Amino acid sequence: MSGAGARPSVQAVALRPSAAQDTEFLRRVYYSTREGEMRVLPWSDADKAAFLDLQFRAQKKHYEERYPDCAFQVIEIDGAAAGRLYVDRGERDINVLDIALLPEHRGRGIGTRLLEAILAEARGSGRTVSLHVEQYNPARRLYQRLGFRSIESNGVYERMEWRAARATVT
């Protein structure tokens, strides 16, 4: 890829377990996923930060309590922290709790690569893959392109599921 505005190519994408020292980085990733909705609120920057901090801590606590066996991972690109991937692997289902990249790393195919690896794992083990996505999140198109189908909606979030294609005998 070359030319004005072109994003640099990705050399290496790796995952590592998140650790206590990653909290501030993970908070920044979380904040970045809420930038659009925060931009339109008539709150002070301090009020927005306090709200986001409260939300980040509540989400972190919920995930840790509800999914104690979850793989909480930091996505690294070329050795630098770039996002988060939280995956809870069950006997029948792989639940992608969260996949998020900092804005400068979005739109480069990284999420696609990571999700394709999860789908290959599911295909090999006969499991489904599920996730929740906000109705208006642009990532929804990616999930549909990868074969996820909507199975439930609560008005804000849509639960999507991927199942390996079943071979048919004729």
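The values are calculated or read from the model by the stated rules, or taken from the named source; none is laboratory data. None of the values given here were measured: they were computed from a predicted structure. A quick note on method: Cβ atoms are made from the backbone with ideal geometry, for glycine too, and the neighbour counts reach across all protein chains shown.
Could you tell me how many of the residues in the range 29-42 are among the hydrophobic types (A, V, I, L, M, F, W, C) and surrounded by 12 or more Cβ atoms within 10 Å (Cβ to Cβ)? Explain how you work it out, then say what you get.
Keep residues of the range 29-42 that are among the hydrophobic types (A, V, I, L, M, F, W, C), which gives 29, 38, 40-41.
Okay, now just the ones that are also surrounded by 12 or more Cβ atoms within 10 Å (Cβ to Cβ), so 29, 38.
Total meeting the criteria: 2.
Residue by residue, here is whether (1) in contact with a Lys or Arg (Cβ under 8 Å, 6 or more places away or on another chain); (2) farther than 27 Å from residue 21 by Cα; (3) among the small types (Gly, Ala, Ser); (4) free of Cβ contacts under 8 Å to residues at least 24 places away in the same chain holds:
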{"position": "59", "(1), (2), (3), (4)": "no, no, no, no"}
{"position": "69", "(1), (2), (3), (4)": "yes, no, no, yes"}
{"position": "87", "(1), (2), (3), (4)": "no, no, no, no"}
{"position": "105", "(1), (2), (3), (4)": "no, no, no, no"}
{"position": "108", "(1), (2), (3), (4)": "yes, no, no, no"}
{"position": "119", "(1), (2), (3), (4)": "no, yes, no, no"}
{"position": "123", "(1), (2), (3), (4)": "no, yes, no, no"}
{"position": "139", "(1), (2), (3), (4)": "no, yes, yes, no"}
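Which of the numbered conditions does residue 99 fail, given that it passes all the others? Conditions: (1) more than 22 Å from residue 62 (Cβ to Cβ); (2) buried (at least 18 other Cβ atoms within 10 Å of the Cβ).
Evaluating residue 99 over (1) more than 22 Å from residue 62 (Cβ to Cβ); (2) buried (at least 18 other Cβ atoms within 10 Å of the Cβ) leaves (1) as the failure.
Per-residue answers, yes or no, for (1) of a type in the set (Lys, Arg); (2) over 26 Å from residue 37 (Cα atoms); (3) touching a Leu at 6+ places or on another chain (Cβ under 9 Å):
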site: 84; (1), (2), (3): yes, no, yes
site: 93; (1), (2), (3): no, yes, no
site: 100; (1), (2), (3): no, no, yes
site: 122; (1), (2), (3): no, yes, no
site: 130; (1), (2), (3): no, no, no
site: 135; (1), (2), (3): no, no, no
site: 146; (1), (2), (3): no, yes, yes
site: 154; (1), (2), (3): no, no, no
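Could you please tell me which pairs satisfy a Cβ distance under 7 Å, a separation of 6+ or placement on different chains, a first residue in the range 13-39 that is under 19 Å from residue 139 (Cα atoms) and touching a residue at least 12 places away in the same chain (Cβ under 8 Å), and a second residue that is surrounded by 14 or more Cβ atoms within 10 Å (Cβ to Cβ) and among the aromatic types (Phe, Trp, Tyr)?
Listed by first residue and then by second, the contacts come to 30/56.
Taking residue 84, is it in contact with a strand residue (DSSP E or B) (Cβ under 9 Å, 6 or more places away or on another chain), basic (Lys, Arg) and assigned to a strand (DSSP E or B)?
Details: in contact with a strand residue (DSSP E or B) (Cβ under 9 Å, 6 or more places away or on another chain): yes; basic (Lys, Arg): yes; assigned to a strand (DSSP E or B): yes.
So residue 84 fits the description; yes.
Restricting to the range 1-46, and then to whatever is among the charged types (D, E, K, R) and modelled with pLDDT of 95 or more, can you tell me which residue is farthest from residue 116 (Cα to Cα)? Even if it seems obvious, please write down each step before you answer.
Keep residues of the range 1-46 that are among the charged types (D, E, K, R), which gives 7, 16, 22, 24, 27-28, 34-35, 37, 39, 45.
The next check asks that each one be modelled with pLDDT of 95 or more; those that pass are 16, 22, 24, 27-28.
Values: 16: 18, 22: 25, 24: 28, 27: 26, 28: 25 Å.
That would be 24.
Go through 74, 96 for me and flag whichever is under 21 Å from residue 158 (Cβ atoms) and in contact with a strand residue (DSSP E or B) (Cβ under 9 Å, 6 or more places away or on another chain). Break it down stepwise before answering.
On the way: 74 fails: under 21 Å from residue 158 (Cβ atoms).
Just a single option satisfies the conditions, and that option is 96.
Kindly indicate which of 97, 115 is under 25 Å from residue 144 (Cα atoms), out of contact with any Ser or Thr (no Cβ under 6 Å at 6 or more places or on another chain), assigned to a helix (DSSP H, G or I) and of a type in the set (A, V, I, L, M). Write out each step before concluding.
Working: 97 fails: assigned to a helix (DSSP H, G or I).
Just one listed residue meets the conditions, 115.
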